[in-house]
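Before any comments, here is the structure.
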Amino acid sequence: MKLKSIITAVAIVGLMASLAFSADCGPKGKSVRILGSDFPAIHAVAGTAKINCEANANEFTVTHKDDTRLIMNAALKPNPAEYTSVIVANSTLTQLMNEDLIRPLNDLVEKYGAHLKPSQLITLDGKVMAVAFMANSQHLFTRKDILAKAGVTKTPATLEEVLDAAEKIRAAGIMEYPIVTNLKVGWNIGEVFNLFFLAHGGTHFKPGSAVPNINNEKGVAALNSMKALAEYAHPDHLTQASNETQGLWEAGKAAIGIMWGSRGAVILDEEGSSKEVTSNTVLSAAPTVGGGSIPAATLWWDGITIAKNIPDDDAEATFAALVSAMTPEMVAEHNDDAVWLIDGFKPGPAAAGVSATARAGAASYPLIPYIGPMHEALGVELVDFLKGNESAEQALADAEAAYTNAAKEKGFLK
Amino acid sequence: MKHRTFFWFILPTLTAMVLFIALPIVSVFIQSLHIEHEHVLVVSKSCDPFGCIETTTIDQEATAQLRKEKPLGRFNGFKTYTNRSHLAFAEVGEAWRTSDGLPAFLNDVFNLPFYRALVFTLTYTFVVTPFVLILGLAVAVGVNNLPKLFKGPTIFVSLLPMIVTPLVGALTLFWMVDGDGVIGATLQRIFNDPSLSLKASGPLTWITVITYGIWHLLPFSFIVFYAGLQTVPMDTLESAMIDGASKWEQMIHVIVPHLMPLVTFITLILLMDNFRVFEPIIGLSAEAHASSLSVIIFNELRESGRPLFGAAGATSMMTIIGVAILLTPVLIRTWRDFNRKGH
């Protein structure tokens, strides 16, 4: 028996060693330093890269932090940079590109990326700036048992159906505030505006310029959609972000939610909630608005970038290590941690919402240098409208004015 | 003292003050007069997993050239101070011309971020400061009259609010006033109103933040007053007693006048502290209803990808000016007292 287990252990170690050996880790003895956010999918990619290539490198560190966006620019600015790779999303890619801190990856993709899908490559004028590995978006969460109790048989697909279902739940006396969504003042409320604004067909800026373009009938329609939702959300909604809404959902205090796809797996697992909630939660595409066909959601990807201010050999070793993790084997091992964009992904129930939203043609979060100040202005100025203190036009005019101010100081507007 | 001796005596202090106080303020002031260079923008095509679109990017080489020539950015004079995010001269003037009646004008002005923040900051300062002064004195007198055995433990417990990290204290209160929290749920029961929410209403949020401020700062004024009470001259007190003064009269005519220098000191510190109120607003997620100058600076600097150094510099300078204006009456009073005693 003992001998057998030793043989098995040796076999497993040997297998792992051969796997590690099989990965192409690029130049030997280099330094690989990765910075990424602290959630399971990023642990999976960076962790696999480390297992594959640690032996090949002189130094191999992986740093996971919350809110990496607050430090990444400062970390990549010195020469040599603090990290050789930062794992980013749409919005943070712009932030790094605005200061010219990452390098084009075309030659590295050619050398090491044969197994990558073309759709994984984030390109700007043909230059590959990042390699995406997972997708995320907001989408609809519903409790089928509560909807059925209120007499709603079909999962709502439009905002009108969502509001109708909420009204029925309230009228039936089941819940006074059946809707949850992340309306916390600041980034979250700005993001909810983006969802509905894009779904109503709006574009944040006049084409080819940094001139704001939100104070129009599409902006007003977006604000009205938000307000209609907020009517059915708990009075504290202006203080609720992902953690609070997830908490309400897991406590069984909500029946319809527009929340992040990355919360799907966390809500559906056995921790923090009752069987009644998890077994009745359905994840589906984000709702469309005003008879349109675009779901009210922004699509996000997470991907790897390589720092500019580092030796070319370190860059090559880092890239090789990270793409060596983007394989069907890694996906098979971590299938439910994310909606993977890599071959071999089998969408489970937790991924249903994001997949359906992407299929229905939701827009990507805008990859524009000055979307940051716009998002910030929206986050601060729209709250007066939701509180009922001012008209939609006034709130949008305020947001445009606040953005214009910031954009002037940043040198985007004259 | 000879001039030479005085110079060498004061030199270390002077150096430290220039290095740690004057230079940073001058540098912030210079920063506040500048804004970033114009970015050279180019239209390009971007592709991601969800499709390709036309977008705009920054022409890095052209922008880097500009930055190298003038690393401070473009000179903008006092325009950052007068723009909409700060003093908003143009917008206030516009509101004055177009609005009919004072209420409409004020409504327009308080819609501007700087004035909205100023209103809350001043209300907070002028409510919290007197409350902390009076309650602090009351607690100090109470503790001073306790039997010796209880004094130590009571002082320790009374100091706890100050030991708690402000952000942690505010977060704790945030969850307590939640509809499911112990305070929130109790209030709902008392007023028999299940939709009562301390977080959703503006006035209630203000009350929560102000209550938190009083709770947090009370130990400071308490401990200073308590120390002061140990120095009250016993013979004056005894003669007052012999003259038949009641406890209350002793308090008003002997103890409070004796503690007056401490009142000035505590007022100074409290005014400075309260004018830059920050943690309770963040911790209580109260940004929807309350804002302060420090919160504005925080928002301007928070994102490392796009900090607005000029705007943050301008708001900081105005905070310094605001504190100076608030302190002026107290300082003038101290100066007068000092002169009177000198003669």
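Read-outs: derived from the displayed coordinates by stated rules, not from any lab. Remember, it's a predicted structure, so these values are computed and weren't measured experimentally. Cβ sites come from the backbone with ideal geometry, for glycine too, and all protein chains shown count toward neighbours.
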Next item on the list: Taking the Cα centre of chain B as origin, sum charge times position over the Cβ atoms of Lys and Arg (+1) and Asp and Glu (-1), and report the length of that vector in debye to the nearest 20.
Entry: 1080 debye
Item checked: Förster radius 45 Å - calculated FRET efficiency between residue A:282 and residue B:207, Cβ distance, rounded to 0.05 -> 0.65
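Which number do you get for Rg(Cα) / (2.2 N^0.38 Å) in segment B:206-343? Walk me through the numbers on the way to the answer.
On the way: Rg = 20.7 Å, N = 138, 2.2 N^0.38 = 14.3 Å.
Dividing the Cα Rg of segment B:206-343 by 2.2 N^0.38 Å gives 1.45.
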Check: Taking the inverse of the average 1/r across all pairs of different Cα atoms in segment A:38-86, what Kirkwood radius in Å do you get?
Finding: 12.0 Å
Checklist line | ³J(HN,Hα), Karplus 6.51/-1.76/1.60, whole Hz, each residue of segment B:216-229, x for Gly, Pro | finding: 6, 8, 3, x, 4, 5, 4, 6, 5, 4, 4, 4, x, 5
Next item on the list: Compute the distance in nm between two label points, each set 7 Å from the Cα along the Cα-to-Cβ direction, one at residue B:99 and one at residue B:239.
Entry: 5.8 nm
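Taking Rh as the Kirkwood radius computed over C-alpha pairs, what is the Stokes-Einstein D of chain B at 10 °C in a medium of viscosity 1.306 mPa s, expressed in µm² per second? Before the final figure, lay out the partial values.
Working: Rh = 24.9 Å.
Approximately 64 µm²/s, per Stokes-Einstein.
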Check: What residue among A:220, A:32, A:257 has its Cα farthest toward the positive end of the dipole of chain A, where the charges are +1 on Lys, Arg and -1 on Asp, Glu, each on the Cβ?
Finding: A:32
Next item on the list: Just need the relative contact order of chain A here, percent rounded to a whole number, with Cα pairs under 8 Å and 6+ apart.
Entry: 26 percent
Margin query: Can you report the principal axis dimensions of segment B:32-73 using only the alpha carbons, biggest first, rounded to whole angstrom?
Written below: 42, 21, 14
Check: Assigning unit charges at the beta carbon (Lys, Arg +1; Asp, Glu -1) and nothing else, what dipole magnitude in debye, to the nearest 20, does the protein assembly as shown show about its Cα centre?
Finding: 1440 debye
Next item on the list: Grab the other residues whose beta carbon is less than 15 angstrom from that of residue B:124, score K and R as +1, D and E as -1, and report the net.
Entry: -1
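Nearest 20 debye, what's the magnitude of the dipole of chain A about its Cα centre given +1 on Lys and Arg Cβ and -1 on Asp and Glu Cβ? Don't skip to the end; give the middle numbers.
On the way: 33 positive and 46 negative charges, 112 e Å.
Once rounded to the nearest 20, the dipole reads 540 debye.
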Checklist line | segment A:18-155 - convex hull of alpha carbons, volume per residue in Å³ | finding: 176 Å³
Checklist line | √(5λ) per eigenvalue of the Cα gyration tensor, segment B:227-305, largest first, Å | finding: 46, 12, 8
Checklist line | Percent RCO, i.e. relative contact order, over chain B, from Cα pairs under 8 Å lying at least 6 residues apart | finding: 22 percent
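Excluding residue A:327 itself, what net charge comes from residues whose Cβ is under 11 Å from its Cβ, given Lys and Arg +1 and Asp and Glu -1? Before the final figure, lay out the partial values.
Numbers: positive: none; negative: A:329, A:333, A:343.
So the environment of residue A:327 carries a net charge of -3.
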Next item on the list: Between residue B:150 and residue A:346, with labels modelled 7 Å along Cα→Cβ, what's the label distance in nm to one decimal, could you check?
Entry: 7.0 nm
Next item on the list: Can you tell me which of B:218-227, B:255-264, B:183-192 comes out highest on packing, and rank the rest after it, using the mean Cβ neighbours within 10 Å?
Entry: B:218-227, B:255-264, B:183-192
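State the Kirkwood hydrodynamic radius of the protein assembly as shown in Å, one decimal place, computed from all pairs of distinct Cα atoms. Provide the component values of the computation, followed by the final result.
On the way: mean 1/r = 0.0338 Å⁻¹.
Hydrodynamic radius (Kirkwood, Cα only) of the protein assembly as shown equals 29.6 Å.
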Note to self: Counting just the Cα atoms, what span does segment A:343-414 cover along each of its three principal axes? Round to the nearest Å and put the largest first.
What the structure shows: 48, 34, 16
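Report the semi-axes of the equivalent ellipsoid for segment B:160-278 in whole Å, largest first, where each axis is √(5λ) for an eigenvalue λ of the Cα gyration tensor. Can you show the working numbers first?
Values: eigenvalues 309, 66, 28 Å².
Over the Cα atoms of segment B:160-278, the semi-axes work out to 39, 18, 12 Å.
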Notebook entry, point to check: If r is the Cβ-Cβ distance from residue B:7 to residue B:272 and R0 is 22 Å, what FRET efficiency results, to the nearest 0.05?
Noted result: 0.15
Margin query: Can you find, among A:248, A:113, A:360, the residue sitting farthest towards the positive end of the charge dipole of chain A, where Lys and Arg contribute +1 and Asp and Glu -1 at Cβ?
Written below: A:113
Next item on the list: Give me the orientation-averaged projected area of the Cα convex hull of segment A:196-275, in nm², one decimal.
Entry: 6.9 nm²
Next item on the list: Tell me which residues come under 5 Å, amide H to amide H, from residue A:294 once H is placed; ignore anything under 5 positions away on its chain.
Entry: A:289
Check: Based on the inverse mean of 1/r over its pairs of different Cα atoms, what is the Kirkwood hydrodynamic radius of segment A:132-227, in Å?
Finding: 15.4 Å
Next item on the list: Taking the dipole about the Cα centre of the protein assembly as shown, with the C-beta of Lys and Arg at +1 and of Asp and Glu at -1, give me whichever of B:246, A:123, B:63 is farthest to the positive side.
Entry: B:246
Margin query: Can you give me the distance in nm between label points at residue A:312 and residue B:26, each placed 7 Å from the Cα along the Cα-to-Cβ direction?
Written below: 4.6 nm
Next item on the list: Considering only DSSP beta bridges where both residues belong to the protein assembly as shown, give the percentage that are antiparallel (nearest 5).
Entry: 70 percent
Next item on the list: Could you work out, for segment B:169-231, what percent of all Cα-Cα pairs fall into each 10 Å distance bin, beginning at 0 Å and stopping at the bin that holds the largest distance?
Entry: 20, 41, 20, 14, 5, 0
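Could you tell me which of rounded, prolate or oblate describes segment A:233-291, using a ≥ b ≥ c as the square roots of the eigenvalues of the alpha-carbon gyration tensor, with rounded for a/c under 1.5 and, failing that, prolate when a/b is larger than b/c and oblate otherwise?
Working: a/c = 1.81, a/b = 1.22, b/c = 1.48.
The shape class here is oblate.
On average, how much area does the Cα convex hull of chain A cover when viewed from any direction, in nm²? Before the final figure, lay out the partial values.
On the way: hull surface 90.1 nm².
The directionally averaged projection comes out at 22.5 nm².
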Next item on the list: Could you list which residues have their amide H under 5 Å from that of residue A:183, counting only those 5 or more apart in sequence or on another chain, with H placed in the peptide plane?
Entry: A:240
